[in-house]
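The values are calculated or read from the model by the stated rules, or taken from the named source; none is laboratory data. Being a predicted model, the structure only gives us computed values, none of them experimental. Virtual Cβ from ideal backbone geometry, glycine too; neighbours counted across all protein chains shown.
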Amino acid sequence: MWIGPRQLEGATCEEFRIDVDDGISLRVLRWSPIETDASKKYPVVVIPGWGSVFIGWEPLLSAWVKCRPIIYIETREKGGTYYNRKVRKSDFQMHKYGQDLLAVMKHFRLIPSKLDWFSASMGSTILLDAYQSKKLGARSSLMLAPNTQFNFPWWSKILIKFPLPIKLFEALRFIAVKVVTGKVTEEGQKIRYRRTLMAQDIRRLVYSARINIDYEMNLVMDHVKFPIGLMTAKNDHLHGTEDVEKLGIALPNGRIIEVLSNQHVHEAASLPEIEDFFSKAIA
């Protein structure tokens with residue numbers, strides 16, 4: 001795991017440690033484009049998925065940071081988060097993730113009507129939960145494979161709920177890698193998930209899974225009026241399309257967007273599609 005700013009061509013990078021809760025501080029990266037006009041654009045705040053590591057998003061971000069300011073938030077289950085006390089299962093309740101994002105917004109003095117959000121998987125769940133509870137707002141929001149609940153396989157639910165020693169989960173990590181990578185077809189996605197699972201702080205991941213295993217989103221979203229793009233891929237067997245379809249109905253200004261694949265959205269080639277959504281959303 002790297003430490004410090006992640007310098008990418010065409011932008012300057014700063015690393016921040018932002019206190020969000022008692023004894024918890026998140027690692028946040030902010031890129032500012034070197035090109036003057038690009039640096040004056042409204043920022044995009046990026047919330048990656050559950051346990052995601054930066055290297056999986058680096059191809060996209062390497063192109064994006066040249067175009068507009070980017071703020072990348074590592075959520076509290078990730079290894080970059082600092083705890084100056086013992087980690088607790090209650091640390092990973094969904095509403096606390098939303099409170100973290102609000103703390104980051106306050107730190108940077110971000111105004112909801114002057115920022116766009118980009119998120120994936122559980123990162124999108126965190127945002128939707130915060131939108132539903134009126135904690136957060138936006139100019140627009142683009143999501144990849146959002147979840148309204150977490151559909152763990154039945155056998156993994158038993159393992160997660162049963163109070164097994166954390167060391168045993170360390171050993172089960174290799175089984176999880178095989179199961180997850182077996183559900184995806186693209187080699188790039190296999191590599192990304194394998195890398196993600198092997199890099200995790202298992203205690204944090206298990207606690208996060210245990211407390212959110214029965215989570216179900218409140219889909220009363222009539223008050224969420226800003227544009228929200230819901231990206232989905234037919235070949236994404238890990239996330240599926242059912243939740244996206246539910247959200248497409250629940251969100252007054254939601255739009256389902258078919259993409260080539262989940263992996264495609266992590267690549268620089270997807271940037272024109274992403275920026276096309278944002279430009280049309282605010283037109």
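Just the residues that are touching an Asp or Glu at 6+ places or on another chain (Cβ under 7 Å) and surrounded by 21 or more Cβ atoms within 10 Å (Cβ to Cβ), please, taken from the stretch 234-272.
Matches in the stretch 234-272: N262, Q263.
If I ask for residues that are modelled with pLDDT of 95 or more and either touching a Lys or Arg at 6+ places or on another chain (Cβ under 6 Å) or not in a helix (DSSP H, G or I) (or both), which ones from the stretch 114-131 would you list?
L115, D116, W117, F118, S119, A120
Can you pull out every residue in the stretch 132-148 that is outside any loop (DSSP other than H, G, I, E, B) and over 14 Å from A120 (Cα atoms)?
Step one: list which residues in the stretch 132-148 are outside any loop (DSSP other than H, G, I, E, B), which gives 132, 140-144.
Selection gives Q132, S140.
Select from the stretch 55-76 the residues that are buried (at least 18 other Cβ atoms within 10 Å of the Cβ), outside any loop (DSSP other than H, G, I, E, B) and not small (G, A, S) and list them in ascending order.
Of everything in the stretch 55-76, those that are buried (at least 18 other Cβ atoms within 10 Å of the Cβ), outside any loop (DSSP other than H, G, I, E, B) and not small (G, A, S) turn out to be L60, L61, W64, I70, I71, Y72, I73.
For the stretch 136-175, which residues satisfy the criterion of being modelled with pLDDT of 85 or more and over 18 Å from T241 (Cα atoms)?
Initially, the stretch 136-175 is screened for residues modelled with pLDDT of 85 or more, giving 136-150.
Of everything in the stretch 136-175, those that are modelled with pLDDT of 85 or more and over 18 Å from T241 (Cα atoms) turn out to be L136, G137, A138, R139, S140, S141.
From the set of residues in the stretch 1-18 that are within 21 Å of L102 (Cα to Cα) and within 19 Å of the chain's Cα centre (by Cα), which is surrounded by the fewest Cβ atoms within 10 Å (Cβ to Cβ)? I'd like the intermediate steps shown before the answer.
Of the stretch 1-18, the ones within 21 Å of L102 (Cα to Cα) are 14-18.
With within 19 Å of the chain's Cα centre (by Cα) added as a condition, the list becomes 15-18.
Values: E15: 14, F16: 16, R17: 11, I18: 16.
If we take residues in the stretch 1-18 being within 21 Å of L102 (Cα to Cα) and within 19 Å of the chain's Cα centre (by Cα), then R17 is surrounded by the fewest Cβ atoms within 10 Å (Cβ to Cβ).
Within the stretch 101-143, track down each residue that is within 19 Å of K41 (Cα to Cα), among the basic types (K, R) and either in contact with a Gly (Cβ under 9 Å, 6 or more places away or on another chain) or buried (at least 17 other Cβ atoms within 10 Å of the Cβ) (or both).
R139
Go over the candidates K86, K114, K78 one by one and state the one that is under 21 Å from Q200 (Cα atoms), in contact (Cβ under 8 Å) with a residue 12 or more places away in the chain and among the basic types (K, R). Walk me through how you get there before you give the answer.
Values: K86 fails: in contact (Cβ under 8 Å) with a residue 12 or more places away in the chain; K114 fails: under 21 Å from Q200 (Cα atoms).
The unique qualifying residue is K78.
(1) surrounded by fewer than 18 Cβ atoms within 10 Å (Cβ to Cβ); (2) closer than 19 Å to G4 by Cα; (3) of a type outside the set (S, T, Y): which one isn't true of K40, the others all being true?
Exception for K40: condition (2).
Can you find a residue that is of a type in the set (K, R), out of contact with any Gly (no Cβ under 8 Å at 6 or more places or on another chain), in a loop (DSSP other than H, G, I, E, B) and under 18 Å from K114 (Cβ atoms) anywhere in the stretch 14-32? Break it down into steps so the answer makes sense when it comes.
First, the residues of the stretch 14-32 that are of a type in the set (K, R): 17, 27, 30.
Cutting the leftovers down to out of contact with any Gly (no Cβ under 8 Å at 6 or more places or on another chain) gives us 17, 30.
Cutting the leftovers down to in a loop (DSSP other than H, G, I, E, B) gives us none.
Within the stretch 14-32 (the criterion being of a type in the set (K, R), out of contact with any Gly (no Cβ under 8 Å at 6 or more places or on another chain), in a loop (DSSP other than H, G, I, E, B) and under 18 Å from K114 (Cβ atoms)), the answer is no, since none of the residues qualifies.
With respect to I126, determine if the residue is over 15 Å from M231 (Cα atoms) and within 11 Å of the chain's Cα centre (by Cα).
yes
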